Amino acid sequence: MTQPKIIQTQTDIPQTIDVTVFDEYGEPMTKQIACERALTVYLNWKEIVTLMTLGARPDMLVLGYLKNQELINDADALDSVIIDWETQSAAVVTAEQNKDIDETLSKKTVTSGCGQGTMFGNVMKKLEDLKLPEHRITQSSLYGLLEALTHHNDTYKAAGAVHGCAVCKGTEILSFVEDIGRHNAVDTLSGEMWLKGETGEDKIFYTTGRLTSEMVIKVAQMGIPVLLSRSGVTQMGYDLAQQLGITMIARAKGHRFQVFNGAKNIEFDVKGESNE
């Protein structure tokens with residue numbers, strides 16, 4: 001796969017900054033807060049969207065967003081990605097232009113993605129015939145993965161106010177990213193997998209956020225059949241997981257989890273742990 005030219009200004013932008021706060025007794029202390037930056041995305045010089053982001057991996061975020069919205073379908077068509085934090089812009093240029101882009105942009109659904117999520121109509125249409133492959137996992141491997149995930153979330157541990165997402169295989173965390181919105185984090189990992197030409201049939205997707213329809217759709221687009229969350233599930237997220245054949249596991253922390261869909265794909269090989 002031909003790699004696009006990626007240019008980014010200010011590659012060392014901070015993820016947190018120090019501020020002075022006062023406790024309940026009026027005593028000053030220094031605390032960290034998460035950074036939040038606007039990034040306006042342009043595709044072939046046409047403005048697409050403005051994303052609010054931590055800015056951890058902006059190139060992958062932008063590519064994942066455009067791919068998940070079906071605005072770019074062929075990674076080989078990518079020519080360049082330019083991230084300019086001075087102008088708060090991301091310019092993506094492709095070898096061929098999407099002639100249907102105006103029609104696509106006109107069919108937009110606002111989702112629950114922390115107030116800024118969107119899903120275009122053509123994405124919803126393509127889900128009708130999608131069915132993910134079964135992928136079996138064990139209870140013990142889930143315990144191992146949840147333990148491994150506790151060693152991440154650096155920005156959250158320092159400042160809070162962010163979500164974390166990871167692409168995993170077995171008990172191994174292949175890639176982990178944090179952002180102020182869970183939808184940004186999943187787009188970032190999607191862009192990374194897309195550019196590397198990786199497939200998702202043997203992967204697990206983890207998120208600290210709730211499992212909404214948007215999260216289920218984006219993980220399905222990545223071809224990942226297992227979705228794991230520390231948080232809860234919405235009705236539409238649940239319905240879509242059933243429709244698409246996604247194993248949905250939520251409220252997962254330590255040695256506890258709840259399987260909302262796909263229990264037949266899990267081997268419960270540890271007994272008695274759920275009552276601890």
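Of the helices (runs of 4 or more DSSP H) lying entirely inside the stretch 135-206, those containing at least 3 residues that are under 22 Å from L39 (Cβ atoms) are 154-159, 182-196.
Reported count of residues in the stretch 197-219, each being under 22 Å from V81 (Cα atoms) and in contact (Cβ under 8 Å) with a residue 60 or more places away in the chain, is 2. Here T87, T118, T53, T94 are screened, and the one residue that is at pLDDT below 70 and either among the acidic types (D, E) or not assigned by TED's automatic domain parsing to the domain that holds P225 (or both) is T118. The condition of being acidic (D, E), surrounded by fewer than 24 Cβ atoms within 10 Å (Cβ to Cβ) and over 18 Å from G144 (Cα atoms) holds for only one of E214, E198, that being E198. Output yes when any residue across the stretch 217-227 is assigned to a helix (DSSP H, G or I) and farther than 27 Å from I72 by Cα, and no when none is. The answer is no, given that none of the residues of the stretch 217-227 is assigned to a helix (DSSP H, G or I) and farther than 27 Å from I72 by Cα. Looking across L127, L132, one residue alone is modelled with pLDDT under 95, out of contact with any Phe, Trp or Tyr (no Cβ under 8 Å at 6 or more places or on another chain) and assigned to a loop (DSSP other than H, G, I, E, B). It is L132. Among the residues of the stretch 181-194, just one is surrounded by fewer than 24 Cβ atoms within 10 Å (Cβ to Cβ) and modelled with pLDDT under 95, namely G181.
The values are calculated or read from the model by the stated rules, or taken from the named source; none is laboratory data. None of these values were measured; they are calculated from a predicted model. Neighbour counts are summed over all protein chains in view; Cβ atoms, including those assigned to glycine, are modelled from backbone coordinates with ideal geometry.
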